[in-house]
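The values are calculated or read from the model by the stated rules, or taken from the named source; none is laboratory data. Predicted model, so just to flag it, every value in this text is computed and none were measured. All Cβ positions, glycine included, derive from the backbone under ideal geometry; neighbour counts span all protein chains shown. Heavy atoms of the whole protein, side chains included, go into the accessibility calculation; ligands, DNA and RNA do not. Shrake-Rupley method; radii C 1.70, N 1.55, O 1.52, S 1.80 Å.
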Amino acid sequence: MTGVVDFTKFPSGSLRVGKGFKLADVDPNTTPGYPGNKADGETLLKDLDHKLAELQEKLFAESKFGGTKRVLLILQGMDTAGKGGIVKHVLGAMDPQGVQFKSFKAPTPQEKAYDFLWRIEREVPAAGMLGVFDRSHYEDVLIHRVHRWADPKELERRYAAINEFEARQVAVGTKVIKVMLHISNEEQKERLLARLNNPAKHWKYNTGDLKQRAFWEDYMAAYQAAFDAANSEHAPWYVVPANKKWYARIAVQQLLLEALGELQLEWPKAEFDVDAERRLVERS
């Protein structure tokens with residue numbers, strides 16, 4: 001029977017990058033913490049849409065009365081890892097006015113004229129917002145390490161700058177959730193072929209994706225380096241096995257539910273006499 005698997009005590013610790021973590025030890029085909037099947041997972045995702053939407057509304061409502069809490073979900077992963085699917089299927093139930101989404105592409109000439117964090121700082125979520133980065137400042141250490149566009153000294157400077165930047169976000173009330181959607185090389189190949197075999201998906205195909213596939217192992221090493229250098233208690237990394245799209249979606253949903261729950265959000269108290277206002281409305 002679908003929808004009966006208990007995922008309320010999701011062991012996020014099983015996805016969290018900790019001491020001695022090795023990306024090579026993570027099997028992209030697994031579903032840590034979830035024994036159910038695809039049908040169960042899809043049902044669970046829909047069943048918890050309302051809970052996630054309610055918490056997001058509380059976050060937004062609090063900010064209207066001076067609240068400073070906010071959330072920043074950072075989504076990283078190789079091409080076709082499922083970042084867009086997370087945005088569509090996990091965040092789709094939320095009120096758009098409380099979601100701040102930014103997809104980072106290759107930097108423009110103007111952006112290149114500044115330090116790499118300049119364009120990132122401009123997009124951080126405001127109070128009450130649930131911010132989502134589709135790719136992020138980590139691109140500026142990942143691709144630069146892979147293609148040797150930055151030397152080791154510059155990479156170390158950037159890791160330090162990232163740690164300082166994330167610490168500042170936490171200091172102003174931001175809950176930072178960093179997720180790497182981890183797919184296998186074989187799975188990416190299948191997804192790229194699926195796009196080419198479907199005319200309705202040709203617009204999603206980028207010839208540059210194939211060029212980057214040649215550097216797969218280099219990217220895995222770059223991710224490992226990023227985990228080693230920029231993983232902290234206040235802004236931890238989570239690696240989500242993502243060969244099964246349905247699992248990746250419920251895992252990210254649970255990470256968001258957990259993070260929002262830790263914020264101990266409350267509905268703002270009315271600053272007027274509710275009973276008096278009710279009587280006025282009834283007489284109107």
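Brief remarks follow.
- The calculated 222 nm mean residue ellipticity attributable to helices in the chain amounts to -13500 deg cm²/dmol, summing -39500 (n - 2.57) over DSSP H runs of n ≥ 4 and dividing by all residues.
- Listed pairs LYS46/LYS88; LYS88/LYS245; LYS22/LYS88; LYS64/LYS269 exceeding 20 Å between Cα atoms: LYS22/LYS88
- The chain: relative contact order as a whole-number percent, Cα under 8 Å and 6+ apart: 31 percent
- The fraction of Cα-Cα pairs per 10 angstrom bin, counted from 0 for region 170-227, comes to 17, 39, 25, 16, 3 percent, rounded to whole percents.
- When each of LYS58/LYS178; LYS19/LYS51; LYS153/LYS204; LYS69/LYS204 is checked by Cα-Cα distance, pairs over 28 Å: LYS19/LYS51; LYS153/LYS204; LYS69/LYS204
- Just so you know, the Cα atoms of region 39-183 work out to an Rg and Dmax of 16.6, 49 Å.
- Probe 1.4 Å, all protein chains present, accessible-area order of THR68, THR174, largest first: THR68, THR174
- Per principal axis, descending, Cα span of region 25-111 in whole Å: 42, 40, 22
- Computed over the chain, the range of Cα coordinates on each principal axis works out to 71, 51, 42 Å, biggest value leading.
- Proximity of backbone amide H atoms, modeled 1.01 Å from N, is registered between LYS175 and ARG70, VAL71, LEU72 at under 5 Å, excluding neighbours fewer than 5 places apart on the same chain.
- Span from the region 73-141 Cα centroid across to the region 156-178 one, whole angstrom: 15 Å
- By DSSP, the beta bridges lying fully in the chain are antiparallel in about 5 percent of cases.
- Were the residues from GLU54 through HIS202 laid out at 0.36 nm apart, the gain over their Cα-Cα distance would be 49.7 nm.
- A Förster radius of 25 Å combined with the Cβ-Cβ distance from ALA167 to LYS105 puts the calculated FRET efficiency at roughly 0.40.
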